[in-house]
1. Quote the charge dipole size of segment 5-224 about the Cα centre in Debye, to the nearest 20; the model charges only the Cβ of Lys and Arg (+1) and of Asp and Glu (-1).
2. Pick out, from L188, M75, L135, the residue whose Cα sits farthest towards the positive end of the charge dipole of the chain, with +1 on the Cβ of Lys and Arg and -1 on the Cβ of Asp and Glu.
3. Suppose every Lys and Arg Cβ carries +1 and every Asp and Glu Cβ carries -1, with no other charges. What dipole size does segment 76-135 come out with about its Cα centre, to the nearest 20 debye?
4. Helix-derived [θ] at 222 nm for the chain: sum -39500 (n - 2.57) over DSSP H runs of at least 4, divide by residue count, nearest 500?
5. Which FRET efficiency value, to the nearest 0.05, do you get for E77 and E16 by plugging their Cβ-Cβ distance into 1/(1 + (r/R0)^6) with R0 = 22 Å?
6. So how much slack lies between T30 and T120, counting 0.36 nm per residue of separation and subtracting their Cα-Cα distance, in nm?
7. Gain in length, W66 to E145, computed as 0.36 nm per residue apart minus the alpha-carbon separation, to one decimal in nm?
8. With the cut-off at 1.5 for a/c, could you classify segment 20-85 from its C-alpha gyration tensor as rounded, prolate or oblate?
Amino acid sequence: MSPILVAKNISKTYDEGKIRTQVLTGLDLTVNPGERIAIVGTSGSGKSTLLHILGGLDTPTEGEVWLHGKCLNTMNETQRGEMRNEHLGFVYQFHHLLAEFTAVENVAMPLLMRPKVTTTDARQQAMELLEKVGLGHRLDHRPGELSGGERQRVAIARALVTKPSVILADEPTGNLDYDNAQSIFGLLTELQTTLDTALLMVTHDRNLAALADRQLLIRNGHWEQY
Ligand SMILES: Nc1ncnc2c1ncn2[C@@H]1O[C@H](COP(=O)(O)OP(=O)(O)OP(=O)(O)O)[C@@H](O)[C@H]1O
Ligand SMILES: [Mg+2]
């Protein structure tokens, strides 16, 4: 079984004028198909930075990220964008849905970026997934007309509509109350199991982290014993 995502010796340093911030130092990570990994660490420890690098949204100062056997670092932005669209799904603490579009339109969007997908097909798949996340009755609502938990369900449907091999989730439940957080996490893992998608989730919630297959703690830029 070949891993889906491999990060080798990742370091990240920010240089701004005379100020140098070393955020990550020599991190390795291997994500296998269908695996569920929780990343924890204090605020500012570099969790979001790492997810951005793994998702090809940011570049490491040193090291390499391999997605499906291809090195992201040697690609141009267009190629990286295609890799993201094909293999990755992103969920954030704040939903990042487009305010002027309906739930169906938001969820269909990643599919519409693919050259061969028709609008009818994209809408159909978006509707099916919205049904699965319990929002079949809110298809034409805009984000502003949905509750916080509902918006996060739409965001999850959007992340999964392309059937990615990995979901990168940055505190997907961080903005929700306890019950909603539990239910969103349940939904995420249920869909993940159905689609055989790996999940890499940053969370502050140790109870949720405990439900993952592996827990990784980031401190001083590298992994420490959880
Ligand atoms: N563009 C930047 N320039 C300089 N420093 C930055 C930049 N972006 C992030 N940092 C620093 O990198 C460190 C890690 O930030 P990051 O957002 O990855 O932390 P985090 O673990 O996700 O924290 P939180 O739990 O609060 O979301 C922080 O100390 C931050 O100040
Ligand atoms: Mg963060």
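1. Value, rounded to 20: 280 debye.
2. Result: M75, furthest along the dipole toward the positive end.
3. 120
4. Rounded to the nearest 500, it is -10500 deg cm²/dmol.
5. Details: r = 23 Å, r/R0 = 1.03.
Efficiency computed from Cβ-Cβ geometry: 0.45.
6. Values: separation 90, 0.36 × 90 = 32.40 nm, distance 3.71 nm.
Residue separation times 0.36 nm, minus the Cα-Cα distance, leaves 28.7 nm.
7. Contour length minus Cα-Cα distance gives 24.5 nm.
8. oblate
None of the figures in this text is laboratory data; all of them are computed from the coordinates on show. As the structure is a prediction and not an experimental result, all values here were calculated from the model. Note that we place each Cβ from the backbone using ideal geometry, even for glycine, and neighbour counts take in every protein chain shown.
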